[in-house]
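The values are calculated or read from the model by the stated rules, or taken from the named source; none is laboratory data. Source: prediction; values computed, not measured. Ideal geometry is used to build each Cβ from the backbone, glycine not excepted, and the neighbour counts take in all protein chains shown. When the accessible area is computed, the model is the full protein with side chains, heavy atoms only, and any ligands, DNA or RNA have been set aside. Shrake-Rupley method; radii C 1.70, N 1.55, O 1.52, S 1.80 Å.
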Amino acid sequence: MDNSRANLLEEAIGIGIGKGGRVVVVEDCVETSGAFVLHHFLKRFLHPDSSDVVIFIAFAHPFSHYERILRKMGCNLTVHRKNHRFVFLDMLTLECPERNGREAREDGLLALYGEIEKAVEIYSSLEGSRTITIMIDDISLIEVAANGSSNHMLDFLHYCYTLKAKYGCSFVTLNHEDIYSSANTLQLILQTEYLADVIIKAEPLATGLASDVHGQLTVLNKGSVSEFGGSSSKVRNFHFRVKENNVDYFYPGSQT
Amino acid sequence: MASSRPRGSSFSRNISSAATSQVPGVKLGPNGTSFLSSGISDLDQILGGGFTLGSLVMIMEDPEAPHHMLLLRNFMSQGLIHKQPLLYASPEKDPRGFLGTLPSPMASKEEKSHERPAEQDANLRIAWQYKKYFGEQNSEVQRGGKAEYCNDFDLRKPLERHYYSGQRVDCISLRDSSNLAPLLERCSTFSAQISKSDGNITCAGRIAIQSLCSPQCDFSNKEWDMLSFIRSLKGMVRSSGAVAVISFPPSLVSPTFLKRWQHLADTLISVKAIPDEDKELAKLLTGYQDMLGLLSIHKVARINTQVPAILEATTFSMKLRKRRALVLECLNQAPVDGSSGSSYGTSGSCSGSSKTGNLDF
């Protein structure tokens with residue numbers, strides 16, 4: 001998309017992603033941030049040729065952060081916001097504390113879900129064919145906001161996934177894989193991975209970080225139904241280098 | 001990114017140090033961010049200018065040595081000298097007493113007279129240690145403006161009382177209450193005072209929290225509470241013109257939570273003491289005797305940008321220059337001992353450099 005050379009990430013994800021009803025999970029770790037994949041998707045969904053809508057639920061950064069990054073990539077979020085193509089829900093300070101008992105905790109996330117559903121309803125009732133994508137940055141902070149109740153978090157996610165069936169929404173979520181490395185916390189990431197169609201993992205290189213290779217991406221595409229009817233999951237692995245205005249993807253050793 | 005300033009070497013980070021904003025002690029950085037000095041000029045340089053305003057800095061302590069205190073002290077002192085409001089929280093009974101141990105800035109005259117003889121020796125410097133000396137040159141460049149962005153601190157001389165007797169210094173003991181609510185409240189009132197008005201910072205503030213999960217605090221076993229406190233603090237700091245530095249002992253946090261804490265940190269630093277008599281390490285590194293400890297940088301704040309910061313080196317040695325000023329140096333591997341038989345190392349470092357003198361490139 002950015003250059004004539006085929007973008008490896010786009011290729012690995014497949015073209016079906018824009019059609020709706022797909023769930024993409026991005027996983028990263030402390031050493032390598034996977035946030036750039038979210039920015040990539042944001043830019044892609046808000047492409048001027050399409051009329052897709054993005055509902056962005058930000059737990060990690062304020063609007064100004066994303067705005068500045070996307071502006072450098074040639075996508076003005078403020079304008080998209082005005083044109084009702086971009087909905088930004090700032091959840092930086094969302095707290096669902098335990099103070100008022102169990103109910104209150106649920107209320108915070110329930111209210112958030114209500115907001116999302118309302119937005120989806122409004123946009124899907126408008127004319128024209130458009131896909132609504134819900135992006136969450138990042139899931140692990142929902143758990144913190146829910147004060148450690150992973151059940152509430154999972155409930156919230158399942159609620160959101162129901163929108164997929166009803167309105168054909170797509171999902172792109174970011175999560176941190178290394179948090180869930182111990183056995184008793186593994187369940188959560190397994191659940192989100194199970195529900196995903198595409199899993200993108202950002203990892204550092206085993207040899208450490210270098211200035212021209214920032215890490216590697218492993219893309220597992222589960223739902224790639226081929227023309228011949230067979231459904232096969234594909235794994236792709238390539239390196240990336242993040243730049244201000246785009247990201248270079250290349251196979252190991254192919255960069256000169 | 002282009003700066004007219006002559007650079008030390010083609011490998012050094014390109015820091016736009018010329019840009020200084022109206023607010024004292026705040027330097028403008030790339031992507032609409034601003035920097036606060038950490039109080040250690042070397043650390044500022046490594047981080048590309050200092051701590052980013054609105055970021056959360058976390059320092060992983062060494063369980064055996066109080067090296068994190070050195071970082072906290074310099075950070076707090078620097079803020080007090082710039083007359084920035086300060087909030088300090090610690091598990092001690094009397095946190096205000098800690099302010100008496102803060103280091104005082106060195107007089108710049110005295111500093112320069114110390115600096116001179118070193119400059120004259122420049123011709124005698126040995127090539128493999130060249131990296132050590134870039135720091136000195138660059139710190140000289142920074143000195144020049146009237147109000148210094150980063151002072152050099154004399155760790156042996158306590159800060160004069162009038163700096164911290166003002167009203168803008170707030171201290172709180174983590175032992176006072178059984179939960180984090182009071183601390184959070186203090187932090188929110190603190191950051192509300194210095195909040196940005198339409199993106200313009202009128203005043204920068206510093207929050208220093210020492211040993212957040214130390215066992216003296218009643219809440220040290222409430223991991224979710226601490227986590228949500230850190231998250232709330234991060235949110236507050238981000239929307240205000242402040243930098244929060246939290247130090248914590250990583251061994252007391254369970255592994256999954258440690259990862260969560262690390263993800264929440266914008267800038268992540270760890271300090272480590274080095275054992276006194278580690279002969280193997282002493283053989284490997286030059287200047288081992290003068291080293292206080294090692295400082296590693298795991299993460300650098302990336303606000304308003306998606307490009308990761310790739311540092312030249314992530315581990316640095318902490319040393320005391322003239323037993324008073326804290327400096328950070330790249331680790332230098334000791335040259336291979338000539339008598340040990342491997343001639344490659346010696347020819348590479350000594351004769352190699354003399355040869356290039358003859359051949360003019």
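Some observations on this one:
- Among the residues making up the range A:177-213, those that are of a type in the set (A, V, I, L, M, F, W, C) and either surrounded by fewer than 18 Cβ atoms within 10 Å (Cβ to Cβ) or over 23 Å from A:Val247 (Cα atoms) (or both) are A:Ile179, A:Ala183, A:Leu186, A:Leu188, A:Ile189, A:Leu190, A:Leu195, A:Ala196, A:Leu205, A:Ala206, A:Leu209, A:Ala210.
- Residues (closer than 23 Å to B:Leu47 by Cα, away from chain A (no Cβ under 14 Å) and either out of contact with any helix residue (DSSP H, G or I) (no Cβ under 7 Å at 6 or more places or on another chain) or aliphatic (A, V, I, L, M) (or both)) located in the range B:280-301: B:Met291, B:Leu292, B:Leu294, B:Leu295
- Residues within the range A:183-192 that are under 17 Å from A:Val144 (Cβ atoms) and more than 18 Å from the chain's Cα centre (by Cα), tallied: 1
- Single residue of the range B:241-278 satisfying the filter (over 30 Å from A:Asn184 (Cβ atoms) and of a type in the set (D, E, K, R)) that is least open to solvent (accessible area, probe 1.4 Å): B:Asp278
- Those residues of the range A:166-176 which are surrounded by fewer than 21 Cβ atoms within 10 Å (Cβ to Cβ) and under 22 Å from A:His39 (Cα atoms), in sequence order: A:Gly168
- Within the range A:161-185, the residues that satisfy the criterion of being farther than 20 Å from A:Thr131 by Cα and at pLDDT 85 or above are A:Asn175, A:His176, A:Glu177, A:Asp178, A:Ile179, A:Tyr180.
- Subset of the range B:146-164 (residues that are open to solvent by 50 Å² or more (accessible area, probe 1.4 Å) and part of a loop (DSSP other than H, G, I, E, B)): B:Lys146, B:Ala147, B:Glu160
- Check on B:Ile303, open to solvent by less than 30 Å² (accessible area, probe 1.4 Å) and not in a strand (DSSP E or B): yes
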